[in-house]
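Below is one structure; the comments refer to it alone.
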Amino acid sequence: MNLMRLAGLLLFLFLAVPASAHTVNLAWSISTDDTTAACTAAGACHETVYRAPGACSATSSFISLGVIAATAASYSDTTVPGGVWCYAVSFTLDGIESVKDSITVSLLPQAPSNIAVTSKQ
């Protein structure tokens with residue numbers, strides 16, 4: 001098998017493997033001052049979960065994954081491709097959002113499965 005055929009086969013295997021999603025389960029402790037008791041109106045408090053590509057930094061470009069109950073202390077993101085991601089959570093109290101608390105998560109790509117190699121002579 002010459003080098004060009006091998007390169008073509010490797011490219012085919014790379015393209016034939018679909019990008020698999022991972023699940024990231026986040027859990028945190030709610031601050032003692034971030035409670036629904038501090039809300040002045042029903043439904044005025046909530047938490048927001050965010051994700052950004054790359055390691056967490058002051059310039060992370062977050063997208064909102066969801067607004068969750070103010071009493072929630074966990075969130076599952078089930079559509080994460082392999083790579084490095086920054087997750088953040090904020091608490092909104094009567095319309096004022098707190099500073100985001102963040103963590104960097106590194107996910108290795110999942111190994112391909114059902115690979116078959118065919119040799120042509």
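Coordinate-derived values only; no laboratory data. This structure is a prediction, so every number in the text was calculated from the model and none was measured. When we count neighbours, we look across all protein chains shown, and the Cβ atoms used for this are built from the backbone with ideal geometry, even at glycine.
Observations, loosely collected:
- Once the Cα-Cα distance is subtracted from the 0.36 nm per residue extended length, the Thr118 to Ile103 segment shows a gain of 1.0 nm.
- Student exercise, region 20-107 dipole from Lys, Arg, Asp, Glu Cβ charges, in Debye to nearest 20: 280
- Full extension of the chain between Cys39 and Asp94 gives 19.2 nm of extra length, using 0.36 nm per residue less the Cα-Cα distance.
- As a calculated quantity, the FRET efficiency between Ala72 and Ala21 at R0 = 22 Å, using C-beta atoms, amounts to about 0.50.
- Size descriptor, Kirkwood hydrodynamic radius, that averages inverse alpha-carbon separations across region 20-107, Å: 13.5
- Positive-end residue, region 20-107 charge dipole about Cα centroid, Cβ charges, pick of Leu65, Gly95, Thr78: Thr78
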